[in-house]
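Here's the structure, in structure tokens; my notes come after.
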Amino acid sequence: MRSRLNPYLQVAPLTVVLAGFFVLPIVIVIMVSFFDYQTYQLLIPAFTLQNYIDVFSSSVTYRTYLITLRFCATVWAITLLLGFTLAYFLAFHIRTLRWQLVLFLLCTIPFWTSIVIRMIAWIPLLGRQGVVNTVLHGLGLRDTPLEWLLYSEFAVIVGYVHLYTLCMMVPIFNAMMRIDRAVIEAAVDSGASEWQTLCHVIVPLCKAGMTIGSIFVLAVVMGDFVTIDVLGGGQIASVGKAIMTELSYLQFPPAAANAMVLLMVVVCMIVLLLRIVDVRKEL
Amino acid sequence: MANRIAPPLAPKHLTRRRVLQTTLYSAGLAVGQRLFTGFPAVHAAEPVMLNIAGTGVNQYQQIAAKAKEDLGVTIQYTSLVSDDVVKRAATQPTSFDLLDSEYWMLAKIIPTGNMRGMDVRRITNYERIVPIFTKGTLPDGRAVARQGTAPIKVSYLPEEFAKTFAAEPTQWMTLIPTVYNADTLGIRPDVIGRSIEHWHELLNAEFRGKAAILNIPSIGIMDAAMVAESTGTITYGDKGNMTKEEIDKTIALLIEAKKQGQFRAFWKEFNESVNLMAAGEVVIQSMWSPAVTKVRQMGVPCIYQPLKEGYRAWAAGLGIPRHVTGTKLDVCYEFINWYLSGWVGAFLNRQGYYTAVLETAQAHMTADEWGYWMEGKPAQGDIVSPTGDKIESAGAIRDGGSFWTRMGSVACWNSVMDEDRYMVRKWNEFIAA
């Protein structure tokens, strides 16, 4: 009897935490998204689809999602390439565990400061009178400063890549470290080149790591409203920013509806990813 | 005005002599106050704490320290961005004892019934409050602009716990004014090299990629309206309360400018505007007065440019929430009376803000300070900030001139529009364009 109860007791704490801090808030947000509102009355319990109709009938929604998705795709591709390369170098080209550890810690240095500092640090670098432009000018390469370096999509992508490459790298590195070296030896013994080993052995075995990293990056970029504001100069729209604006005008129901739509989009993306790669099996 | 984060203040030049001077001075002042204005000495009984929630604009530690010294009241500030002030007042009114609110917020706060009207008979200097707030006029009788949420429209309640505003002055006041100012565009005279006289210069192609506007929809759209009106393309009934059609036209104008690359950035926070200007990213933008001062302190030339079409003004004041009663209520009144009694007024005037009761503040400033800050006269000696930083040398004149010239040229007030919901949606379109 007791042994039958045991598993339930074991999952109970996590269930309680998730129910209280995840399920309940989501349920409330879902409820609020159907509420009505006025300037002087923030929440009017009702069942109206108006908030969702507003979201889906506005061309701004689609344009904003398009921009956000474009950022997602670009950042995902760059961080995947960078993260994979870095992890590959660390896992297979550094021979001793000590150096692997040292270099790995080096990669985490940017994470010792707050996310805001890491973002703002780009501003004096990329600005009109910033380091990059000063150097270009000093070398005589350009007379007028490059305007697109800061407060542009470029700057936002630089920021994202800087902030989130590690999120991609760590799970991939972890997956690589778990590959049985004998498998690679076998590949080499069978005459495979490094490139062939990479394509046919390592990449397939790292799929789970890449998927987990991708989920991190996609989820963060989809919901971001800070980086895009600071490095985009406030001129680029994002879904998170639209929600923020509504919240600050006390328009909770439309913000909730917008948040639900965003949640659904992100969930769909993750489900799709998990369809392609069965993370559970790979682990 | 929102997120108006005050520049950090550190008592840099706190010498022993100065401390002595201040202490003696304030001791004298404290005695004087007790003798002449007859503050009730509630504070003697028990230590009292007042939690003031509001924007950071006038939350100075120096004021808190002085209140402790003069009244024995411990002041605790809760600093919030302006949108959160409204949220807090509407949803958690018991979390503070005094609300430091801007007048435009009242349109959202008063209908919740969370605030009380303040009895003007208990305000010692009520009769001396600048008539902008009590009559809607300047002291010389000229009417102040009523576009937007002009303070007089929301200053009074018909009764103590009313949820609507009174059309005429009554015994019950919603806010006792603390600070107010007239906002305009900030420019870099050294880069622009010619005179700027109109709001429409913000969209002048000459400054393509070097202009900025603030991304707080309700204020940003008003700056845009000042620009639109100045170009002559749009005329408004009330810039502070636009019709849907007026909003559409204004946003269309902004979107067109954005598509042509007119804007370098949109800023949301005080310090962002300082950095944009000081780093040379921007040469003309919407700005707030202390931000201009800060840019100048960094050694970068910056002018708070008076413009022909006038200023966009804002005002803030202290209000008492409904839940405060008994001794605490007495302390709130005592604190407000102290606020208007001069020391704080002088302190805020030296920051470049304006204060509610001019006479009492004047008594705490030197003739030179008063001449520079309030009368638009050239400074005789160095002008020093309350923290001891030198702001201007002898001969300098304040941008925009005297108090009466500046407040007399107000064109509209920060506001909440009836079409708020629609406006925010359109503003998001502009940001996404």
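Computed values, structure above
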{"item": "Subset of the stretch B:82-93 that is in a helix (DSSP H, G or I) and without any contact (Cβ under 8 Å) to a residue 12 or more places away in the chain - its residue that is nearest to the chain's Cα centre (by Cα)", "result": "B:Asp84"}
{"item": "Some residue of the stretch B:61-81 being at positive phi, out of contact with any Pro (no Cβ under 7 Å at 6 or more places or on another chain) and either assigned to a strand (DSSP E or B) or open to solvent by less than 20 Å² (accessible area, probe 1.4 Å) (or both)", "result": "no"}
{"item": "Residue match in the stretch B:259-266 (condition: more than 10 Å from every other protein chain (Cβ to nearest Cβ) and of a type in the set (A, V, I, L, M, F, W, C))", "result": "no"}
{"item": "Residues of the stretch A:223-281 that turn out to be within 10 Å of chain B (Cβ to nearest Cβ) and outside any helix (DSSP H, G or I), as a count", "result": "10"}
{"item": "Those residues of the stretch A:156-203 which are in a helix (DSSP H, G or I), open to solvent by 60 Å² or more (accessible area, probe 1.4 Å), more than 28 Å from A:Leu69 (Cα to Cα) and among the polar types (S, T, N, Q), in sequence order", "result": "A:Gln196"}
{"item": "Unmet criterion (only one of (1) outside any loop (DSSP other than H, G, I, E, B); (2) within 14 Å of chain A (Cβ to nearest Cβ); (3) under 26 Å from A:Thr144 (Cβ atoms)) for B:Glu201", "result": "(2)"}
{"item": "Some residue of the stretch B:140-158 being open to solvent by 20 Å² or more (accessible area, probe 1.4 Å) and within 14 Å of chain A (Cβ to nearest Cβ)", "result": "no"}
{"item": "Residue selected from the stretch B:89-132 under the condition crowded, with 20+ Cβ neighbours inside 10 Å and charged (D, E, K, R), by the criterion nearest to the other protein chains (Cβ to nearest Cβ)", "result": "B:Lys108"}
{"item": "Index of the failed condition, B:Lys390 passing every other in (1) of a type in the set (D, E, K, R); (2) within 14 Å of chain A (Cβ to nearest Cβ); (3) without any contact (Cβ under 8 Å) to a residue 12 or more places away in the chain", "result": "(2)"}
{"item": "Residue in the stretch B:200-212 that is touching a Gly at 6+ places or on another chain (Cβ under 9 Å), under 23 Å from B:Asp100 (Cβ atoms) and open to solvent by less than 10 Å² (accessible area, probe 1.4 Å) present", "result": "no"}
{"item": "Hey, A:Gly209 in contact with a Pro (Cβ under 7 Å, 6 or more places away or on another chain), under 21 Å from A:Ile94 (Cα atoms), open to solvent by less than 60 Å² (accessible area, probe 1.4 Å) and away from chain B (no Cβ under 14 Å) or not", "result": "yes"}
{"item": "Residue count for the stretch B:135-151, restricted to those that are under 17 Å from the mean Cα position of the chain (by Cα) and among the hydroxyl-bearing types (Ser, Thr, Tyr)", "result": "1"}
{"item": "Residue among A:Pro124, A:Pro110, A:Pro145 that is within 11 Å of chain B (Cβ to nearest Cβ) and within 27 Å of the chain's Cα centre (by Cα)", "result": "A:Pro124"}
{"item": "Residues that are open to solvent by 50 Å² or more (accessible area, probe 1.4 Å) and within 23 Å of the chain's Cα centre (by Cα), drawn from the stretch A:91-106", "result": "A:Leu105, A:Leu106"}
{"item": "B:Asn414 over 19 Å from B:Gln351 (Cβ atoms) and either surrounded by 15 or more Cβ atoms within 10 Å (Cβ to Cβ) or not acidic (Asp, Glu) (or both)", "result": "no"}
{"item": "Unique residue being within 17 Å of B:Thr243 (Cα to Cα), free of Cβ contacts under 8 Å to residues at least 60 places away in the same chain and either basic (Lys, Arg) or surrounded by 20 or more Cβ atoms within 10 Å (Cβ to Cβ) (or both) when the list is B:Arg398, B:Arg421", "result": "B:Arg421"}
{"item": "Residue list for the stretch B:364-395, filter: exposed (fewer than 13 other Cβ atoms within 10 Å of the Cβ) and either assigned to a strand (DSSP E or B) or of a type in the set (A, V, I, L, M, F, W, C) (or both)", "result": "B:Ala367, B:Lys390, B:Ala394"}
{"item": "Helices (runs of 4 or more DSSP H) enclosed by the stretch A:31-139 - at least 1 residues per element that are at pLDDT 90 or above", "result": "A:50-57, A:59-88, A:97-108, A:122-126, A:131-138"}
{"item": "Meets criteria (farther than 28 Å from A:Val183 by Cβ and open to solvent by less than 70 Å² (accessible area, probe 1.4 Å)) for A:Tyr88", "result": "no"}
{"item": "Residues being among the aromatic types (Phe, Trp, Tyr) and either in contact with a Phe, Trp or Tyr (Cβ under 8 Å, 6 or more places away or on another chain) or within 14 Å of chain A (Cβ to nearest Cβ) (or both) - total across the stretch B:393-421", "result": "2"}
{"item": "Flag if B:Ser230 is hydroxyl-bearing (Ser, Thr, Tyr), open to solvent by less than 40 Å² (accessible area, probe 1.4 Å), in contact (Cβ under 8 Å) with a residue 40 or more places away in the chain and within 14 Å of chain A (Cβ to nearest Cβ)", "result": "no"}
{"item": "Residue among A:Val32, A:Val132 that alone is over 20 Å from A:Leu218 (Cα atoms), free of Cβ contacts under 8 Å to residues at least 60 places away in the same chain, out of contact with any strand residue (DSSP E or B) (no Cβ under 6 Å at 6 or more places or on another chain) and more than 13 Å from chain B (Cβ to nearest Cβ)", "result": "A:Val132"}
{"item": "Qualifying positions in the stretch A:243-257 - open to solvent by 20 Å² or more (accessible area, probe 1.4 Å) and in contact (Cβ under 8 Å) with a residue 60 or more places away in the chain", "result": "A:Phe252"}
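The values are calculated or read from the model by the stated rules, or taken from the named source; none is laboratory data. All of these numbers come straight from a predicted model, not from anything done at the bench. Methodologically, a virtual Cβ is constructed for each residue, glycine included, from the backbone with ideal geometry; neighbour enumeration extends over all protein chains shown. These area figures cover heavy atoms from the full protein model, side chains too; ligands, DNA and RNA do not enter into them. Shrake-Rupley method; radii C 1.70, N 1.55, O 1.52, S 1.80 Å.
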